[in-house]
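Structure first, then comments.
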Amino acid sequence: MSNLDQRMRGLLTVLKAKEDAQKSKMAEIHREETHLREVATKLDHNKIEAMQCDPTLKQLGVDIAQLRWIGERRREVNLRLANVLARKESSLQDYRMAFGRTQSLQNLAAKNKTAEVRKKASQEIEKSLAQALFRTGKS
């Protein structure tokens, strides 16, 4: 293995670790997004239930207080969700960059390997031809 191969493998290990770290970060953000969307859905269901509450409770204004509370929680969830989506977009760009770097280096390593194989094959052919010419020259 050449020195270049060793350096490429070392760099590939580092790039793959960075890619994996970005993938892990994306997964955590996705879990947080999923949780917030579930909370938002539950709040929406609670809002529908509050609008269909008992007329006696409506006369007491309980429905309005509950709707106000649900609205405030929904705004909080929406703000947190917007923040998570912004982080997700940034993290997605970072992941794409890490993935692209890893793929580029893997492609370079494959081309380097192909070039080395061709060079060795060419050397073997030259060696075989030289031996064949040497043998025919002795005869």
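The values are calculated or read from the model by the stated rules, or taken from the named source; none is laboratory data. As the structure is a prediction and not an experimental result, all values here were calculated from the model. We place every Cβ from the backbone using ideal geometry, glycine too, and count neighbours over all the protein chains shown.
Quick look at the values:
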{"quantity": "Sole exception among (1) surrounded by 11 or more Cβ atoms within 10 Å (Cβ to Cβ); (2) at pLDDT below 85 for ALA130, by number", "calculated": "(1)"}
{"quantity": "Region 14-35, residues that are under 14 Å from ALA82 (Cα atoms) and free of Cβ contacts under 8 Å to residues at least 40 places away in the same chain", "calculated": "THR34, HIS35"}
{"quantity": "Given (1) farther than 29 Å from ALA27 by Cα; (2) of a type outside the set (A, V, I, L, M); (3) modelled with pLDDT of 90 or more, index of the condition GLU49 fails", "calculated": "(3)"}
{"quantity": "Residue among SER90, SER104 that alone is without any contact (Cβ under 8 Å) to a residue 40 or more places away in the chain, over 29 Å from LEU36 (Cβ atoms) and hydroxyl-bearing (Ser, Thr, Tyr)", "calculated": "SER104"}
